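Heads up: the structure comes next, in structure tokens.
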Amino acid sequence: MGSVLAAASPSPAPTAAGGNQVPGLVSIPPGFSMPSVSSIPSTSGSGQESSDSAPPLPNPGTYEECHRKCKEVFPMEMEGVRLLVNKGLSNYFQVSHTVTLSTLGDSGYRFGSTYVGTKQTGPEESFPVLVGDMDNTGSLNAQIIHQLTTAVRSKIAIQTQQSKFVNWQCDLEYRGKDFTSTVTFGNPDVVVGSGILVTHYLQSITPALALGGELMYHRRPGEEGAVTSLLGRYTGPNYIATLTLGGVGAHATYYHKASDQLQVGVEFQASTRMQETSTSFGYQVDVPKTNLVFKGTVDSNWVVGATLEKKLLPLPLTLALGAFLNHRKNKFQCGFAITIG
């Protein structure tokens with residue numbers, strides 16, 4: 001929930017594609033999401049100190065990032081063949097070329113570009129950030145992200161389908177010392193009186209506990225409604241537990257870092273509208289000495305999948321293999337990806 005443009009982002013590249021990285025600056029993920037400013041808050045220092053000398057509560061991050069740590073453990077589905085070539089033209093500008101061959105989805109070519117400005121707000125944070133890509137049919141996805149002040153950040157996202165505007169949204173995010181609030185406007189049309197408004201609020205209660213909520217209001221001719229949900233996240237020394245209730249069901253995730261090489265995650269989803277539930281288990285194994293990353297998953301719908309990513313250093317080359325099998329539907333798909341640059 002919370003992303004008005006869930007369909008606006010291009011199909012995410014496989015794990016091997018990673019994110020568009022400008023050396024020494026900001027990293028832009030394939031799905032064009034807002035760059036993270038702070039990681040999950042640490043729980044250190046919350047023990048024996050008195051209230052007078054207790055450290056201030058940390059900023060909890062954004063509402064949409066609460067489940068992200070667990071989701072990053074799961075492999076991304078791959079199908080067909082994908083070739084991605086990244087080329088850095090300067091410290092601030094990078095382009096990419098993606099060729100996809102698929103037997104199930106659409107095959108084609110995408111050209112992408114990333115520009116990072118000179119306003120540096122951290123060791124790996126610079127603004128403004130302009131990200132966009134266009135496919136061979138002329139469909140465009142673009143985002144503009146800018147840090148207006150030390151506490152206020154804005155994002156504008158646009159999606160077109162060939163020559164027609166499909167979606168656009170504008171985000172405003174305010175980060176306080178111990179809270180984050182966000183307002184999102186999606187597809188507003190004052191002529192017909194339609195649009196979507198989404199507000200998020202996340203507050204640190206203790207160094208380990210954060211609570212928040214979401215309100216989504218939508219309106220179009222003949223239809224109007226609002227959906228609310230509540231969220232809680234607890235951060236331990238090596239685990240994160242998150243629960244979202246409301247809206248159309250429940251969503252719970254649990255992330256655990258067992259060691260520097262092994263990370264695991266469990267996700268539970270229940271939908272009152274679809275009258276179904278699902279549970280997924282995922283894990284990630286890192287082998288730094290061989291530059292190898294393995295991810296696997298199995299869920300209650302009898303879907304099993306895995307991806308294997310290998311960096312061929314010192315060459316700027318990354319290979320990825322993926323396979324997914326749905327036992328109930330007797331459906332199998334596999335993919336192969338090469339990333340250069």
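Could you check, for segment 300-320, whether at least one of its residues is surrounded by fewer than 18 Cβ atoms within 10 Å (Cβ to Cβ), in contact (Cβ under 8 Å) with a residue 24 or more places away in the chain and over 30 Å from Asn86 (Cβ atoms)? Taking every residue of segment 300-320 in turn, at least one turns out to be surrounded by fewer than 18 Cβ atoms within 10 Å (Cβ to Cβ), in contact (Cβ under 8 Å) with a residue 24 or more places away in the chain and over 30 Å from Asn86 (Cβ atoms).
Filtered by the rule that a residue be of a type in the set (Phe, Trp, Tyr) and surrounded by fewer than 18 Cβ atoms within 10 Å (Cβ to Cβ), segment 121-168 gives a lone residue, Phe165.
Screening Leu313 against (1) in a loop (DSSP other than H, G, I, E, B); (2) at pLDDT 95 or above leaves a single unmet condition, (2).
State which residue is surrounded by the most Cβ atoms within 10 Å (Cβ to Cβ) when the search covers only segment 228-273 and only residues that are in contact (Cβ under 8 Å) with a residue 24 or more places away in the chain and in a loop (DSSP other than H, G, I, E, B). Top of the filtered list is Gly247. Within segment 324-341, the residues that satisfy the criterion of being surrounded by fewer than 16 Cβ atoms within 10 Å (Cβ to Cβ) and closer than 12 Å to Glu79 by Cβ are Lys331, Phe332, Cys334.
Whenever a residue of segment 148-171 is closer than 22 Å to Asp135 by Cβ, its partners that are part of a strand (DSSP E or B) and among the hydroxyl-bearing types (Ser, Thr, Tyr), lying with C-beta atoms within less than 7 angstrom and at least six residues away or across chains, give the pairs Val166/Thr160; Gln169/Thr184.
The values are calculated or read from the model by the stated rules, or taken from the named source; none is laboratory data. Owing to the predicted nature of the structure, the values given are computational and were not obtained by experimental measurement. Ideal geometry is used to build each Cβ from the backbone, glycine not excepted, and the neighbour counts take in all protein chains shown.
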